[in-house]
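Trainee: My structure is below; once you've seen it, I'll send some questions.
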């Protein structure tokens, strides 16, 4: 196995799922899109279902097919719009697409009819995300269109919340307006004698801060992978545990004298005689080049700074004057006992999703089972 690897704690996933279930008392949809946010779609899907999740969610038809080919038979939501040439595969894989306009509904109907299947469809209502979905005023007519189809079934009705993870008063008010709009559309659908199916809206922020968004099912994303939005005191609002731990090993150790430089661009200069260790990990693995000279890794139980620019395949760590290190000693980049990916995300002015998704296929995954 390669020295650099991502350790995925599926036991933590089980614990995080249990926390969400205890909080919401609702069925759970687990997003495993983007290779389960970089954690590995099939292992995460299997662990989530074993822990009691009822639904999975993907962003592409190919992701759904991967689950089916891996033996997953649970319901799978398709969150993004499929191309016309993908619809036969969508139907063959029994994916449940979100639909929010007449043209797409007609295309899904043709694909289902061609496959000889009754396709389960979820009506997507855009209440303020501005991405995909119909306006609330059109929800009843589209719900009726799906419900009356001979090849489609209205399995659910959904919306997505844009700022539910924010505690700013204006954002909380916007979320409540979204929810009011969604409830109005649901009332209109039901007034037409139509069963909206499984009603779902709650993402991570809504599970945490808006219990009025829980409806029939919740679908938190990053929360299940271990990153909760902070509460008003700046602390995590739920005690979830990050699943991913990125580790590597020292493959070279050398003395560097005061005034000598390390790595491309010579942006790091030794302030004193020191020991530099090399790790076989770089931006080619997904470690952001911006972390050079800024991030600290855990080596020998102590946080040690990265020295110089991160290369494509390697980076260097300043071990100070500690000569107790040996070649092949393990170093933790993030997670475990080291600062987690949420801390790294804050440093890079991004979100934890991007950090874990960026750790690419060149880094093998090692799973700690449930």
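The values are calculated or read from the model by the stated rules, or taken from the named source; none is laboratory data. Computed from a predicted structure; not experimentally measured. Cβ placement follows ideal geometry from the backbone for every residue including glycine, while neighbour counts extend to all protein chains displayed.
Trainee: Condition first: under 28 Å from residue 254 (Cβ atoms), in contact with a helix residue (DSSP H, G or I) (Cβ under 7 Å, 6 or more places away or on another chain) and in contact (Cβ under 8 Å) with a residue 40 or more places away in the chain. Can you find one or more residues in region 345-359 that meet it?
Mentor: No: region 345-359 contains no residue that is under 28 Å from residue 254 (Cβ atoms), in contact with a helix residue (DSSP H, G or I) (Cβ under 7 Å, 6 or more places away or on another chain) and in contact (Cβ under 8 Å) with a residue 40 or more places away in the chain.
Trainee: Since residue 265 meets every condition but one in (1) over 29 Å from the mean Cα position of the chain (by Cα); (2) in a strand (DSSP E or B), which condition does it not meet?
Mentor: Answer for residue 265: the failing condition is (2).
Trainee: Need at least 3 residues that are surrounded by 14 or more Cβ atoms within 10 Å (Cβ to Cβ) and free of Cβ contacts under 8 Å to residues at least 24 places away in the same chain per element, so show me which strands (runs of 3 or more DSSP E) inside region 297-339 make the cut, counting only ones lying wholly within it. Can you show your working first?
Mentor: Values: elements: 302-305, 315-320, 330-334.
It comes to none.
Trainee: Is it the case that residue 201 is in a strand (DSSP E or B) and buried (at least 16 other Cβ atoms within 10 Å of the Cβ)? Lay out the reasoning, then the answer.
Mentor: Numbers: in a strand (DSSP E or B): yes; buried (at least 16 other Cβ atoms within 10 Å of the Cβ): yes.
Yes.
Trainee: Among the residues of region 119-142, write down those that are loosely packed, with under 15 Cβ neighbours inside 10 Å and either assigned to a loop (DSSP other than H, G, I, E, B) or in contact with a strand residue (DSSP E or B) (Cβ under 8 Å, 6 or more places away or on another chain) (or both).
Mentor: If the condition is that a residue be loosely packed, with under 15 Cβ neighbours inside 10 Å and either assigned to a loop (DSSP other than H, G, I, E, B) or in contact with a strand residue (DSSP E or B) (Cβ under 8 Å, 6 or more places away or on another chain) (or both), then 130, 131, 135 are the ones that fit.
Trainee: Right, something else. Looking only at residues that are in a loop (DSSP other than H, G, I, E, B) and in contact with a strand residue (DSSP E or B) (Cβ under 9 Å, 6 or more places away or on another chain) in region 234-250, which one is nearest to residue 168 (Cα to Cα)?
Mentor: First, pick out the residues of region 234-250 that are in a loop (DSSP other than H, G, I, E, B): 234-235, 237-243, 250.
Among the residues that remain, those that are also in contact with a strand residue (DSSP E or B) (Cβ under 9 Å, 6 or more places away or on another chain) are: 237, 241-243, 250.
Working: 237: 15, 241: 25, 242: 25, 243: 28, 250: 44 Å.
Residue satisfying both the conditions and the ranking: 237.
Trainee: When you go through (1) in contact with a strand residue (DSSP E or B) (Cβ under 9 Å, 6 or more places away or on another chain); (2) part of a loop (DSSP other than H, G, I, E, B); (3) at pLDDT 95 or above; (4) surrounded by fewer than 23 Cβ atoms within 10 Å (Cβ to Cβ) one by one for residue 167, which number turns out not to apply?
Mentor: The one condition residue 167 does not meet is (3).
Trainee: Let me spell it out: the conditions are (1) farther than 19 Å from residue 35 by Cα; (2) free of Cβ contacts under 8 Å to residues at least 24 places away in the same chain; (3) out of contact with any helix residue (DSSP H, G or I) (no Cβ under 8 Å at 6 or more places or on another chain), and residue 107 meets all of them except one. Which number is the exception?
Mentor: (3)
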